[in-house]
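Below is one structure, written out as C-alpha cells; the observations come after it.
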Amino acid sequence: MPENPHIKQRNQIITELQADLTHAYQVINQQQEYINQLEEQLSQKSPKTHISSAPSDKSAYPQGKIKTRYQVKKRVLPYQKKSGKLSQLQFTAIVAVVVVFITFIGSALMRRPSSNPSKQTTDKAATSPKSTTSFPPAPNLTPIPQNKSNPVILPPKALVNSELSELVYNVQTPPNFRKSKTLQSTVDAAVNLAVSQGLPKKPLSITLIDVKTGEYAQYQQEKPRFPASVIKMFWMVYLYGQIQNGRADEIAFTPYIDAMVKKSDNNAASTVIDAVTQTEFTKDLKEENYQNWLKKRNQLNIFFQKAGYNKININQKTYPITDKKIYEPQGADLRMRGDPKDPIRNKITTQQAARILYEIYSSQAISPLYSEKMANWLSIDAETRIEKREQQDPNVFNPVRGYFSESLPTDVYFGGKAGWTSASRQEAAYIATRDGATYILVVFAEDRAYAYDWKIFPKISDLVFKRMTNTN
C-alpha cells in the first residue's frame with residue numbers, strides 16, 4: 001500500500017526537527033566543554049574570574065548558524081587563600097609533584113634512542129597521515145610532465161614567502177575520458193532510484209568514472225553547484241602546491257590538514273586559507289585595500305582556472321568559524337559575495353571534483369609524493385567505517401553514516417570527501433575493490449530533501465558498486 005502523503009510529510013518534518021534539536025544539544029555540550037577549559041585556565045591565572053558561558057571553538061557537522069553571547073562574572077572561589085604561608089598538606093603535595101616530575105624526566109632520558117633518525121625520515125613521519133591500505137594505480141590517460149624537484153621545508157613559519165605571486169596547478173590538461181553506454185545505464189539507474197524515493201532530479205548531478213578503462217558517464221555533471229565541505233579537497237591541493245614551491249612549511253600545516261580533511265573542521269580550513277592567501281578576516285577595508293585583499297583571495301580560483309577548471313569558484317570560506325566567533329560571512333568575506341539576494345557562493349561541478357580525485361589517485365596532482373599524501377588524508381579505513389556506520393553523535397564528524405561508504409563492504413579501499421548543509425548533500429569518492437574494480441563516484445544534490453534523507457546516498461553507492469563489480 002503506498003504511503004499516505006500526509007504521513008510522509010509529517011515524518012519529514014519530524015526528521016528535520018530531530019536534526020535541529022540534535023544540533024542544538026551539540027552546541028550546548030560544546031559550550032559547556034569550552035567553559036570548563038577556560039575556567040580551569042583562568043583559575044590558574046586569576047582565581048577571581050569565572051566565565052559563565054562562551055561559544056565553542058569546535059566545528060560541528062552538520063554545521064548551522066548558531067549565535068551565542070558570553071559574559072564575565074566576578075566571584076571568589078572556595079579554594080582562594082589570603083595567607084601567603086603553605087600548609088603542611090600543600091608543602092607535601094608540592095614535594096611529591098617535584099619528585100614525580102624529576103622521575104619522569106629521568107625515565108624519558110633513559111628511553112632516548114642512541115642515534116637520531118635522519119631529517120628526511122623525521123619529516124616524512126611528521127607530515128604523512130597513517131596509511132594502512134594501498135590503492136590500485138589509475139592509468140595515465142594523458143601524458144603530463146611532473147615536477148621532479150624535492151619539496152622544500154622552511155620552518156618555523158607556516159608561510160615563508162610574504163610576497164604572493166601567481167601559481168598555476170601543474171596538471172594543465174583534463175584527462176581524456178570516453179563515454180560509455182554501460183556506465184550511462186548505471187548513472188541513469190541512480191537518477192531513477194532517487195526519483196523513485198520521491199526526490200527531485202533537477203538539483204542532482206552525478207559523475208561516474210571507470211578508472212581502469214578510462215570511461216565515464218554523467219548526469220548534469222557540468223552544472224556548477226555548491227560543494228559544501230567537498231571544497232576542502234581543492235584547498236588541500238592548493239596548499240600542497242604552496243609547499244611544493246617552497247612557500248609553506250609542511251610540518252607547520254600538517255595538523256591543520258588533518259583537522260580540515262579528516263574532521264572537516266572549518267576553523268582549520270579558515271586558518272589554511274588565511275595563511276596561503278594572506279587574507280585574514282577584517283571587518284572594514286578601504287576600496288583600494290579591499291581590491292588588493294580580493295586579488296589575493298582569488299589566487300585560489302586562478303590556480304585551478306588556468307589549468308582547465310573552467311569557472312570554478314573556491315575562494316569563500318565554510319562556516320561557522322567558531323574559534324573566531326564568526327558564524328556567517330562578515331566584512332570583506334561578506335562583501336565579496338555581492339548581492340545579498342543572489343550571493344556569489346563557492347561553485348564547482350561534479351566533473352571537476354571527479355577530475356581532482358583522478359589526478360590525486362593517478363599521482364599527478366602537484367607531485368607523486370604529495371599525491372600519495374593527499375590520497376592518504378582522504379582515505380577512510382575499514383575500522384572507521386565500521387565504527388561510524390551507526391554512530392549518531394552530533395559532536396563527531398561522520399563521513400560514513402548517510403554517505404557512500406555506509407553501504408560498501410569493509411574490504412574495499414575508500415577515499416573521499418563528504419559535504420552537508422541543511423539544504424544540500426555532497427560526496428566525491430575513489431573506490432577500489434580487491435578484484436580490481438576501481439571507480440570514481442561524485443554526487444551533488446542541492447535540495448533540502450536530500451539533506452535530510454540519510455539513505456539515498458548509501459543506496460546510490462550500493463547500486464553503483466554492484467554494477468561496477470557485476471554482483472547484481
In the range 338-362, which residues are under 21 Å from Lys311 (Cβ atoms), hydroxyl-bearing (Ser, Thr, Tyr) and not in a loop (DSSP other than H, G, I, E, B)? Thr350, Tyr358
Determine if the range 418-432 includes at least one residue that is among the basic types (Lys, Arg), crowded, with 19+ Cβ neighbours inside 10 Å and closer than 16 Å to Ala353 by Cα. yes
How about the range 348-386: which of its residues are touching an Asp or Glu at 6+ places or on another chain (Cβ under 8 Å) and either farther than 23 Å from Leu300 by Cβ or among the small types (Gly, Ala, Ser) (or both)? Ser363, Ala365, Ser371, Ala382, Arg385
Just to be sure, is Asp342 modelled with pLDDT under 95, under 19 Å from Arg225 (Cβ atoms), open to solvent by 50 Å² or more (accessible area, probe 1.4 Å) and not β-branched (Val, Ile, Thr)? yes
Taking Lys317, is it charged (D, E, K, R) and crowded, with 20+ Cβ neighbours inside 10 Å? yes
Have a look at Val187, Val261 and point out the one that is touching a residue at least 40 places away in the same chain (Cβ under 8 Å), not in a loop (DSSP other than H, G, I, E, B) and not polar (S, T, N, Q). Val261
Determine whether Thr254 is in a loop (DSSP other than H, G, I, E, B) and open to solvent by less than 30 Å² (accessible area, probe 1.4 Å). no
Which one of the conditions (1) in a helix (DSSP H, G or I); (2) open to solvent by less than 10 Å² (accessible area, probe 1.4 Å) does Ala365 fail to meet, given that it meets all the rest? (1)
Of (1) crowded, with 19+ Cβ neighbours inside 10 Å; (2) in contact with a strand residue (DSSP E or B) (Cβ under 8 Å, 6 or more places away or on another chain), Tyr370 satisfies every one except (2)
Those residues of the range 387-416 which are among the β-branched types (Val, Ile, Thr), within 17 Å of the chain's Cα centre (by Cα) and either modelled with pLDDT of 90 or more or under 18 Å from Thr433 (Cβ atoms) (or both) amount to Val400
Counting only residues that are open to solvent by less than 30 Å² (accessible area, probe 1.4 Å), free of Cβ contacts under 8 Å to residues at least 24 places away in the same chain and under 23 Å from Thr469 (Cα atoms), how many does the range 377-411 have? 1
Reported set for the range 267-314 where residues are open to solvent by less than 10 Å² (accessible area, probe 1.4 Å) and in a loop (DSSP other than H, G, I, E, B) is Thr279, Ala307, Tyr309, Ile312, Ile314
Assess whether Tyr327 counts as being surrounded by 15 or more Cβ atoms within 10 Å (Cβ to Cβ), touching a helix residue (DSSP H, G or I) at 6+ places or on another chain (Cβ under 7 Å) and in contact (Cβ under 8 Å) with a residue 60 or more places away in the chain. no
Name every residue in the range 198-221 that is in contact with a helix residue (DSSP H, G or I) (Cβ under 6 Å, 6 or more places away or on another chain) and assigned to a loop (DSSP other than H, G, I, E, B), in order of residue number. Leu199, Lys201, Gln221
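The values are calculated or read from the model by the stated rules, or taken from the named source; none is laboratory data. Quick caveat, the model's predicted, so the values are computed rather than measured. Cβ sites come from the backbone with ideal geometry, for glycine too, and all protein chains shown count toward neighbours. In case anyone asks, the SASA skips ligands and DNA or RNA and just uses the protein heavy atoms, side chains included. Shrake-Rupley method; radii C 1.70, N 1.55, O 1.52, S 1.80 Å.
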